[in-house]
1. Consider VAL36 carefully, then state whether it is of a type outside the set (Ser, Thr, Tyr), open to solvent by less than 40 Å² (accessible area, probe 1.4 Å) and under 18 Å from GLN80 (Cα atoms).
2. Could you check, for the stretch 28-41, whether at least one of its residues is modelled with pLDDT under 85, over 18 Å from ARG5 (Cα atoms) and outside any strand (DSSP E or B)?
3. If you scan the stretch 42-81, which residues turn out to be at pLDDT below 95, small (Gly, Ala, Ser) and open to solvent by less than 70 Å² (accessible area, probe 1.4 Å)?
Amino acid sequence: MSDVRHVLVLPDRDAAEEVAEEVADRFGVAEEPQLVRDALAGEDDAEDAQWLVVVEDPAGRLDPVALNAFAEEYEGWLEQP
């Protein structure tokens, strides 16, 4: 099975940081999730940036439905591949 990467989209940095911390505890993720600032196209204002939490899932064992529900708790979502 090839490596799987899940991308959770969050509305702000605080939510992204909380999700990055919580995802390890809740889902047993071994590798530290990566936080990425994603400025919306054409937007310069940092307030309009979304934050991405990139979760590596080398075994492909994480449930996308559960990850999406988790992201929704923080007003986010799981990006579909």
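1. Details: of a type outside the set (Ser, Thr, Tyr): yes; open to solvent by less than 40 Å² (accessible area, probe 1.4 Å): no; under 18 Å from GLN80 (Cα atoms): yes.
No, not satisfied.
2. Within the stretch 28-41 (the criterion being modelled with pLDDT under 85, over 18 Å from ARG5 (Cα atoms) and outside any strand (DSSP E or B)), the answer is yes, since at least one residue qualifies.
3. Selection gives ALA46, ALA49, ALA59, GLY60.
The values are calculated or read from the model by the stated rules, or taken from the named source; none is laboratory data. From a predicted model like this one, the values you see are computed outputs, not experimental measurements. Heads up: the accessible areas ignore ligands, DNA and RNA and are worked out on the full protein's heavy atoms, side chains in. Shrake-Rupley method; radii C 1.70, N 1.55, O 1.52, S 1.80 Å.
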